[in-house]
Amino acid sequence: MKIATIGVGYVGLVTSAVFADLGNDVISVNRDKQKCENLKKGIIPMYESDLADLVSRNVKLGRLKFTTDYAEAVPNADIIFIAVGTPSLADGSADLSQVKEAAATIAPLLENYTVVATKSTVPVGTNRIVGEILSAGKKSNATFDLASVPEFLREGSAVKDTMHPDRTVIGADAERSREMLIKLHKPLKAPFVLTTIESAEMLKYTANSFLAMKISFANAIAEICEKVGADVTDVMDGIGMDKRIGRAFLYPGPGYGGSCFPKDVKALIAIAKKAGIDFHLLHAVEDINAGQIDRILDKIKIMVGPLKGKTIAVLGLTFKANTDDVRASQPIEVIKRLLKLGASVRAYDPIAVPNAKKKMLASLDEKKFIYAENTVDALKDADVAVIITEWDEFVRLDFSQAEKVMRQRNVVDVRNLFDPEKVKAVGFRYVGMGR
Ligand SMILES: NC(=O)c1ccc[n+]([C@@H]2O[C@H](COP(=O)([O-])OP(=O)(O)OC[C@H]3O[C@@H](n4cnc5c(N)ncnc54)[C@H](O)[C@@H]3O)[C@@H](O)[C@H]2O)c1
C-alpha cells in the first residue's frame, strides 16, 4: 500500500519505518528540512533502540522516503496517518492545533479515495473536526473516510511494541476504510479491536489514565508500607500474581512523567469535565503523582539534614530508562527543587544530557550545578546519591567504588533497584520507596 505519515516524532517515525519494513511504500512528511535530510541518511532525532537500523534499511530499499512537501506524499496515498503532537493547553485539555493544521494542509491535496487515520492521541470528537476540515478544503472529486488508530508504543521499546502490539485498535465508520486498515495491520498478527471512531479515541485516554492510576496506587501503598513496616515489593509481588490485577506498573518510584501520561490524564479530566463529570479519581492520581517529588526531597533531607551547602548526586535525567526524552522529567523537577533549597547538584545520565541542557538552560547556575561525565564523576564529594532513572548502568552501581569518592555514604533508591541489606553491608545508609 502507499502510506503517508504526517509528523516524525516517536509515533510518526516508528509507524513509518515499521510499515515500510512490512513492504509498503511510505512517505513521511515533516516540517523541518534539516531533520528530513538527516533522516534520509539514517540519522534519527531521538534515542530509540533498533530505530536507526530500521530507518536506514528501508530508506536504502527505497520503501521509506522523507519530505517537507505534503504534495509529494498526500495525493497518491491510500492511507494517511496523522501523528503530530497533542500537548496540554493551560486548562489541561489537548491542544489540537497541530492536528488541525495537518488536516488543513492535507485537504486540498487529496485525490481520488483516501483513508485519513489519526494516530495522535486526541479527545473524542477530534476526528469529526478533522473530517469537517477535510470536507471544507478538498477538491470536489476527492473522497475520504476517517479512522482513529490509536498508538500504544512505549518510548524505549517503540519498534518492538509497534512490531508486536498486544492489539490493534481500529475505530472506523466505513467498511472500506476498516478493511484497508485491517489489511495493512494484519502482518503484525495482533488481535483486532474494531470500534467506532469515538470509542477508539476514548480507549487511548482510558488506557493511559488506567496505567497512571496503577503507578499512583503503587506509590500510595508504598507510603503506607513505610509507616506500618511492610515491604511494598512483597505486597505488589503478591497482588500482582492475581490475574485480575497483574504486576505491570505497580512499581513505586518518582511518579509518572514523560510526554504522554501527565498530559493524557489531564486531557481525560478535561474531557470528563466537558461532559459534566468531575473525575475525582484522576484528581487523586495527579495529587499522589505530584507528591512524589516532595517525598523524594523528604528522603534526601532525612539522610543529610538541611540541604543548604550539601552536594547531591542525581543519577538519571529522564522519566524512565532507554529514552532521551526529557519532557515532564521527574529528575529535572527534583534537581530544580534541590537547587532552590540551596543544594549543589551533580547530575549524570548516559544519554539524555544534550536534551536536558536544552531544557534546563534557564535555571542553570554553573557554580551549583554540573553535568557529570559518568556515574563516578557524579558521585564525587556527594553527600547522597539519588538514583531516579532505572538505567542498566545504575543497576550495576559499584558501591565499593562509590564509597571512595563520596563525602557521605547515603543512597536514596527511588526505583528500588538495590537489595537494601547488601547496600547496608558495604557501609551505606539506604532508603528506598515503601520498604
Ligand atoms: N511518544 C509516545 O510514547 C506516544 C505513544 C503513543 C501515542 N502518542 C501520541 O502520538 C502523538 C505524537 O506523539 P510523539 O511523541 O510522536 O510527538 P512528537 O512531539 O515527538 O512528534 C510530533 C511531530 O509532529 C511534527 N509536526 C507537528 N505539526 C506538523 C505538521 N502540521 N506537519 C508535519 N509535521 C508536524 C513535529 O514537528 C514533530 O516532529 C501524540 O498525540 C502523543 O500523545 C505518543
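General observations
- Reported count of residues in the range 190-213, each being under 22 Å from R128 (Cα atoms), of a type in the set (A, V, I, L, M, F, W, C) and out of contact with any helix residue (DSSP H, G or I) (no Cβ under 9 Å at 6 or more places or on another chain), is 1.
- Enumeration of residues in the range 156-177 that are assigned to a loop (DSSP other than H, G, I, E, B), within 14 Å of the ligand (Cβ to nearest atom) and in contact with a Ser or Thr (Cβ under 8 Å, 6 or more places away or on another chain): G156, S157
- Of the residues making up the range 400-435, just one is hydroxyl-bearing (S, T, Y) and touching a residue at least 24 places away in the same chain (Cβ under 8 Å), namely S400.
Here's the yes/no breakdown for (1) closer than 28 Å to M46 by Cα; (2) in contact with a strand residue (DSSP E or B) (Cβ under 9 Å, 6 or more places away or on another chain):
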{"site": "A104", "(1), (2)": "yes, no"}
{"site": "V115", "(1), (2)": "no, yes"}
{"site": "L181", "(1), (2)": "yes, yes"}
{"site": "L184", "(1), (2)": "yes, yes"}
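- Hits in the range 20-56 (condition: touching a Ser or Thr at 6+ places or on another chain (Cβ under 8 Å) and under 26 Å from K100 (Cα atoms)): V26, I27, S28, V29, N30, R31, D32, K33, C36, L39, M46
- Test for S49: is it more than 12 Å from the ligand (Cβ to nearest atom) and either surrounded by 15 or more Cβ atoms within 10 Å (Cβ to Cβ) or in the same structural domain as E151 (by TED's automatic domain parsing) (or both): yes
- Taken over the range 124-155, the criterion of being farther than 24 Å from N208 by Cβ and in a helix (DSSP H, G or I) is satisfied by G131, E132, I133, L134, S135, A136, G137.
- Only listed residue being out of contact with any strand residue (DSSP E or B) (no Cβ under 9 Å at 6 or more places or on another chain) and either in contact (Cβ under 8 Å) with a residue 24 or more places away in the chain or under 20 Å from Q292 (Cβ atoms) (or both), chosen from K380, K336: K336
- Residue match in the range 360-374 (condition: assigned by TED's automatic domain parsing to the domain that holds F319, at pLDDT below 95 and within 21 Å of the chain's Cα centre (by Cα)): yes
- Filtering the range 99-109 to residues that are in contact with a Phe, Trp or Tyr (Cβ under 6 Å, 6 or more places away or on another chain) and more than 12 Å from the ligand (Cβ to nearest atom) leaves only L109.
- Any hit, the range 27-42, residues being under 30 Å from T143 (Cα atoms), of a type in the set (S, T, N, Q), touching a Leu at 6+ places or on another chain (Cβ under 8 Å) and more than 8 Å from the ligand (Cβ to nearest atom): yes
- Count of the range 112-155 residues which are within 16 Å of the ligand (Cβ to nearest atom), farther than 17 Å from T5 by Cα and in contact with a Ser or Thr (Cβ under 8 Å, 6 or more places away or on another chain): 3
- Cross-chain or 6+ apart pairs with Cβ under 8 Å, the range 1-12 first and within 11 Å of L153 (Cβ to Cβ) and modelled with pLDDT of 95 or more, then of a type in the set (D, E) and more than 9 Å from the ligand (Cβ to nearest atom): Y10/E48
- The range 1-17 - residue that is more than 16 Å from M46 (Cα to Cα) and aliphatic (A, V, I, L, M) and, of those, farthest from the ligand (Cβ to nearest atom): M1
- Here the helices (runs of 4 or more DSSP H) wholly within the range 187-299 that include at least 1 residues being closer than 30 Å to E175 by Cβ are 197-228, 261-274.
- Some residue of the range 247-264 being crowded, with 21+ Cβ neighbours inside 10 Å, farther than 21 Å from F81 by Cβ and among the hydroxyl-bearing types (S, T, Y): yes
- Exactly one residue among A90, A102, A71 is surrounded by fewer than 22 Cβ atoms within 10 Å (Cβ to Cβ), part of a helix (DSSP H, G or I) and not charged (D, E, K, R), and that residue is A71.
- Qualifying residue in the range 337-353 (condition: over 29 Å from T233 (Cβ atoms), part of a loop (DSSP other than H, G, I, E, B) and touching a helix residue (DSSP H, G or I) at 6+ places or on another chain (Cβ under 7 Å)): no
The values are calculated or read from the model by the stated rules, or taken from the named source; none is laboratory data. All figures in this text were calculated on a predicted structure; none of them were measured in a lab. Positions of Cβ are generated from backbone atoms using ideal geometry, with glycine treated the same way; all protein chains shown enter the neighbour counts.
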